[in-house]
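Just below is one structure, and these are the notes that go with it.
The values are calculated or read from the model by the stated rules, or taken from the named source; none is laboratory data. Predicted model, so just to flag it, every value in this text is computed and none were measured. Please note: Cβ atoms are built from the backbone with ideal geometry, for glycine as well, and neighbour counts cover all protein chains shown.
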Amino acid sequence: MAELSAAVSRLRRELAGHRAEFADRGIAEDELAALAAMALGGVPEVRRMRRSLLLIVGSIGSVSALRDGLTEVRNAVELFGEPPRRPDDGTQLPTV
């Protein structure tokens, strides 16, 4: 969880320091806050972390200044492995 916490903190700082406005900044901030809370909680919800990651990528993925921080968050989420299979149809959530 330490890697996730550090990566999320870094990206939150970088996002706060990024002066340019973009439409989905609020989404990225909300999902980073959710990941930070999960990191503090100590019990990872892999499916929820991956969902947050997808939303963050969708909202700031085109901002090249945030690329390195975003990569760190993605790598930290990937440390938790694949999400558990859904019991109803056997499919998995997409990976980033």
*Looking at region 37-68, which of the residues that are under 14 Å from residue 12 (Cα atoms), surrounded by fewer than 17 Cβ atoms within 10 Å (Cβ to Cβ) and among the hydrophobic types (A, V, I, L, M, F, W, C) is farthest from the chain's Cα centre (by Cα)?*
65
_When the residues of region 1-27 are narrowed to those that are free of Cβ contacts under 8 Å to residues at least 40 places away in the same chain and of a type in the set (A, V, I, L, M, F, W, C), which ends up surrounded by the most Cβ atoms within 10 Å (Cβ to Cβ)?_
27
*Number of the condition not met by residue 45 [criteria: (1) modelled with pLDDT under 95; (2) closer than 16 Å to residue 1 by Cα; (3) in contact with a Ser or Thr (Cβ under 6 Å, 6 or more places away or on another chain)]*: (3)
*For region 9-24, enumerate the residues that are among the hydrophobic types (A, V, I, L, M, F, W, C) and part of a helix (DSSP H, G or I).*
11, 15, 16
*Any idea which of 14, 29, 21 is farther than 23 Å from residue 81 by Cα, of a type outside the set (A, V, I, L, M, F, W, C) and in contact with a Gly (Cβ under 7 Å, 6 or more places away or on another chain)?*
14
